[in-house]
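K.L.:
Here it is, the structure, as structure tokens.
The values are calculated or read from the model by the stated rules, or taken from the named source; none is laboratory data. In this text, all values refer to a predicted model and were calculated from it rather than measured experimentally. Methodologically, a virtual Cβ is constructed for each residue, glycine included, from the backbone with ideal geometry; neighbour enumeration extends over all protein chains shown. To get the accessible areas, we keep the full protein, side chains included, count just its heavy atoms, and leave off ligands, DNA and RNA. Shrake-Rupley method; radii C 1.70, N 1.55, O 1.52, S 1.80 Å.
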Amino acid sequence: MSVRKTKHEMPQQKPEERIKNFKEVPYGYSKEVAIEEAKRCMQCKNKPCMKGCPVEIDIPGFIARIAQGDFDKAAEVIKAKNNLPAVSGRVCPYEGQCEGECTLKKLGEPVGIGRLERFIADYEREKGVKIPKKPKALGKKVAVVGAGPAGLTCAGDLVKMGYKVTVFEALHAPGGVLMYGIPEFRLPKKIVEAEVDYIKKLGVEINYDVVIGKTITVDELMGEFDAVFVGTGAGLPNWLNIPGENLDGVYSANEFLTRVNMMKAYSFPEYDTPVKIGKIVVTFGAGNVAMDCARTALRLGAEKSYILYRRTEAEMPARIEEIHHAKEEGVIFKLLTNPISFYGDKDGHLIEVEYINMQLGEPDESGRRRPVPIPGSEEKMKIDTALVAIGQSPNPLIPHTVKGLQVGKHGNIVADDDGRTSVPGLFAGGDIATGAATVILAMGAGKRAARAIDQYIKSKK
Amino acid sequence: MYQILEKKVLPETVKLMKIKAPLVAKKAQPGQFIILRIDEKGERIPLTIADFDRKKGTITIIFLEVGKTTKQLGKLAVGSSLLNFVGPLGVPSEVKKYGTVVCVGGGVGIAPLYPIVKSLKEQGNFVISILGAKNEKLLLLEKEIQEFSDEFYIATDDGSKGQKGFVSDVLQQVINKHKVDMVMAIGPIIMMKVVSDLTRKYNIKTLVSLNPIMVDGTGMCGGCRVSVDGKTKFACVDGPEFDGHKVDYANLMLRNRRFMHEEGEACKLEGVQ
């Protein structure tokens, strides 16, 4: 029997429909299609896909259960390693991870591992999530700072080992970037809430409105808990540092997305937080966050949504699927362009951006060909809103308030692969340690740190 | 949930509330602020801390009803609760011994000035306070601030109390009389600008407390960015106090008008105009 060369398609909302709403774009597999897709898996003995998984899921294991139609067991296999499968099943860059290593890639497309993970997570959630039996209490306490992907994963793993875990979150909602950053149409907030609910049912306590470094210091936590994990993410927006960036109409991607996602500005005035974008919106940058901004702008009613990027499509850091969705929805890509200045009217409202055309030169330290300006190629375009999505830096609040904590040159907390910092008992992982990366890498870091914390506490006895 | 333990209606549309928030009260310092959200659909707004009581675990906020949230907040009764109340945020005031300090407060900006005046006095400074308001009725915390001041002046626009004119007129007279080591000014942006323009001529160190629009208050969104000495700073984590001589006030004014239209719309719908 010959193997199907392509993944089964996931049905999705039509582009012309979905740009009018904030509902999720893909609908997910049906049971029948999931089983068919699972049957494509060759069950390789050496499991190459697992090498690409930061949270160590037994991928062939859960896919085999799906192929047998045993979805409950498949969920158990995933949950043994991954506390947030409905999240990772939606936002993982599979192409560079599990699916990138899949043997079937040699014949055509890899197994739709991400789609299958999503299917199982949704199946389990709709059916009612099974809570594993509580382990024996170890009588030790761990504090987790930040309820984002790293913190939630670390907390979930530790509580399953028998630790008492308390999470401290600065904002009023859990999830970190899953809640304030990633839009509803890519990751519905109800799904994030359900995953967090699972973590809470495991026994994790989450305290909101607590800014560690302000409301409570890390030193106080270190005194009260046996270990502390810091997963405060990369929340500090980077700027273009060009004239006019403080005009009315220029937002950081973080401000724009926080207003829309976490504060639900798309439902203003039912919700109190406003956002205004005008007709022409330009997003600067070409990562996942930039795609999120450009696509959100369309849904808020922008007539034209542009992405200005100084390199070409081949160098774009966004997931292929995000770029594809953005194009389908009508986002206009102006590549090889670099902004020079914003201009405002007499009242300080943004009206224009000036940019220069670029060409690719020699490769730089990242291995990508360095964009260089073409002299005399400056142009101007009319715009109403500028969204700056050129990356985030680690949140500075904690790195600068802990004595003896080694901090890297980008403001990140220096930690080894298992999250150990220069302060014994203090662990860190995710974007706060690595700089802005992906949700799944943060989850992987949280997982490894949980193991290191367990070792650390047990070695202290 | 954070309960409202006390509520006082101050002149006209200014209200005072004491909120139960023990963790915030434990760490609060003069010059810092909190962010609150009334309910699930509410926006997050920053308010500077007007006083705190560590023993009772309370934070005092004093606010002018200017927009939808402050108007809605003003209607809440003692015993009701706020959904979120986070803090203390921002860098505390640089309170130390300077020598002779002048504390200038205008309008509702007098409220956050109060704990700073108290603290500067405790540090052994010679404290001269100048309070300004449109008229006598709108003057806040007169007695409270006078209690901790070595010299005390009032300026009202209509002359109903103290000197007729602006706080900057009084400040000029004080500068003529004293060797001033530091000026702390909190009030309307235009007041802080005029005070800073005056003290710049005399090279007197001047701190102002800024109140830009914020969302998270933890350095994440950059909505509160202000230009200080040509550099972009976030009022929530780098401030809210900055060197008054280096702030780009024109940009701050324009950024604070960003959502004026939407604010009006929200108020209209809520019937809280």
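K.L.:
Using 0.36 nm times the number of residues separating A:Thr6 and A:Ile131, minus their current alpha carbon distance, what extension gain do you get?
P.N.:
41.4 nm
K.L.:
What are the semi-axes of the equivalent ellipsoid of the range A:26-89, taken as the square roots of 5 times the eigenvalues of the Cα gyration tensor, listed largest first and rounded to whole Å?
P.N.:
17, 15, 11
K.L.:
Which entries in the list B:Lys55/B:Lys121; A:Lys79/A:Lys164; A:Lys7/A:Lys264; A:Lys403/B:Lys97 go over 24 Å, if you measure between the two C-alpha atoms of each?
P.N.:
Distance filter (> 24 Å) returns A:Lys7/A:Lys264; A:Lys403/B:Lys97.
K.L.:
Ok, one more. Might you list the cysteines of chain A that have no disulfide-compatible partner by the rule of another cysteine's Cβ under 4.7 Å?
P.N.:
A:Cys41, A:Cys44, A:Cys53, A:Cys92, A:Cys102, A:Cys154, A:Cys293
K.L.:
Taking every residue in B:65-71, how many Cβ atoms of other protein chains lie within 10 Å of its Cβ, on average?
P.N.:
Shielding by partners across B:65-71 averages 1.
K.L.:
What helices does chain A have that are whole DSSP H segments, at least 24 Å long along their own axis by Cα, and with mean Kyte-Doolittle hydropathy of 0.0 or more?
P.N.:
A:439-460
K.L.:
Just tell me which aspartates and glutamates come within less than 17 Å, Cα to Cα, of A:Lys346; anything on the same chain fewer than 8 places away is out.
P.N.:
Cross-link targets: A:Glu245, A:Asp248, A:Asp384, B:Asp248.
K.L.:
Placing +1 on the Cβ of each Lys and Arg and -1 on the Cβ of each Asp and Glu in the range B:100-209, which of B:Leu138, B:Phe126, B:His178 has its Cα farthest towards the positive end of the resulting dipole?
P.N.:
Farthest towards the positive end: B:His178.
K.L.:
Which ³J(HN,Hα) values in Hz, rounded to whole numbers, follow from the phi angles of the range A:232-237 under the Karplus curve 6.51 cos²θ - 1.76 cosθ + 1.60, where θ = phi - 60° and Gly and Pro get x?
P.N.:
Here the 3J(HN,Hα) series is 8, x, 10, x, 8, x Hz.
K.L.:
Considering only B:Pro88, B:Phe33, B:Pro46, whose Cα is most displaced toward the positive end of the charge dipole of the range B:2-89, charges sitting on Cβ of Lys, Arg (+1) and Asp, Glu (-1)?
P.N.:
Checked the options; the winner is B:Pro88.
K.L.:
Which listed residue (A:Ile63, B:Val108, A:Gly139) has the Cα farthest towards the positive end of the charge dipole for the protein assembly as shown, taking +1 on Lys and Arg C-beta and -1 on Asp and Glu C-beta about the Cα centre?
P.N.:
Farthest along the dipole direction, towards plus: A:Gly139.
K.L.:
From largest to smallest, what semi-axes in whole angstrom does the range B:2-89 give when each is the square root of 5 times an eigenvalue of its alpha carbon gyration tensor?
P.N.:
Semi-axis lengths for the range B:2-89 are 18, 14, 13 Å.
K.L.:
Give me the net charge of A:Glu56's neighbourhood, meaning all other residues with Cβ under 12 Å from the Cβ of A:Glu56; Lys, Arg count +1, Asp, Glu -1.
P.N.:
+4
K.L.:
Can you bin every Cα-Cα distance in the range B:100-209 into 5 Å intervals starting at zero and give me the percent of pairs per bin, rounded to whole numbers?
P.N.:
For the range B:100-209, the binned pair fractions read 2, 14, 27, 27, 21, 7, 1 percent.
K.L.:
For an R0 of 45 angstrom, estimate the FRET efficiency from the Cβ-Cβ distance between A:Met381 and B:Asp243 and round to the nearest 0.05. Show your work: numbers first, answer last.
P.N.:
Working: r = 37 Å, r/R0 = 0.82.
The computed FRET efficiency comes out at 0.75.
K.L.:
Which percent of the Cα-Cα distances in the protein assembly as shown go past 38 Å? Spell out each step's value before the answer.
P.N.:
Numbers: 113167 of 269011 pairs.
Percent of Cα pairs beyond 38 Å in the protein assembly as shown: 42.
K.L.:
Please list the radius of gyration and Dmax for the range A:328-417, considering alpha-carbon atoms only, with Å as the unit.
P.N.:
That works out to 19.1, 52 Å for Rg and Dmax.
K.L.:
So how exposed is B:Glu144, as accessible area in Å² (1.4 Å probe, rounded to 10)?
P.N.:
That residue has around 70 Å² of solvent-accessible surface.
K.L.:
For B:Val91, B:Val104, give the ranking by accessible area with the largest first, probe 1.4 Å.
P.N.:
Result of the area sort, largest leading: B:Val91, B:Val104.
K.L.:
Could you derive backbone 3J(HN,Hα) for the range B:100-105 from the dihedral phi with the Karplus parameters 6.51, -1.76 and 1.60 (θ = phi - 60°), listing whole Hz in sequence and x where the residue is Gly or Pro?
P.N.:
Values per residue, Gly and Pro as x: 9, 10, 10, 9, 10, x Hz.
K.L.:
Placing +1 at every Lys and Arg Cβ and -1 at every Asp and Glu Cβ, with all other atoms neutral, what dipole size does the protein assembly as shown have around its Cα centre, in debye to the nearest 20? Walk me through the numbers before you get to the answer.
P.N.:
On the way: 104 positive and 91 negative charges, 355 e Å.
Charge dipole of the protein assembly as shown: 1700 debye, to the nearest 20.
K.L.:
When only the heavy atoms of the protein chains count and the probe is 1.4 Å, how do A:Lys134, A:Lys276 rank by accessible area, highest first?
P.N.:
A:Lys134, A:Lys276
K.L.:
OK, next. Report, to one decimal in Å, the Kirkwood hydrodynamic radius for the range A:195-334 based on all distinct Cα pairs.
P.N.:
For the range A:195-334, inverting the mean 1/r across all distinct Cα pairs yields 17.9 Å.
K.L.:
For B:Leu76, tell me the accessible area in Å² from a 1.4 Å probe, rounded to the nearest 10.
P.N.:
The accessible area comes out at roughly 40 Å².
K.L.:
Ignore the peptide's own chain and count Cβ atoms of other chains within 10 Å of each Cβ in B:252-259; give me the average, rounded.
P.N.:
Mean partner shielding for this stretch: 4.
K.L.:
Take B:Lys164 and B:Met253, extend 7 Å from each Cα along the Cα→Cβ direction, and tell me the distance between the two endpoints in nm.
P.N.:
Placing both labels 7 Å beyond Cα along the Cβ direction yields 2.5 nm.
K.L.:
Would you calculate the convex hull of the Cα atoms in chain B and tell me its volume per residue in Å³?
P.N.:
123 Å³
K.L.:
Given the pairs A:Lys5/A:Lys160; A:Lys276/B:Lys56; A:Lys380/B:Lys71; A:Lys327/A:Lys382; B:Lys8/B:Lys134, which are separated by over 31 angstrom at their Cα positions?
P.N.:
Checking Cα-Cα distances, A:Lys5/A:Lys160; A:Lys276/B:Lys56; A:Lys380/B:Lys71 exceed 31 Å.
K.L.:
Place the peptides A:54-60, B:217-223, B:152-158 in order of packing, highest mean first, counting for every residue the other Cβ atoms within 10 Å and averaging per peptide.
P.N.:
Per-residue Cβ counts within 10 Å, averaged per peptide and sorted highest first, yield B:217-223, A:54-60, B:152-158.
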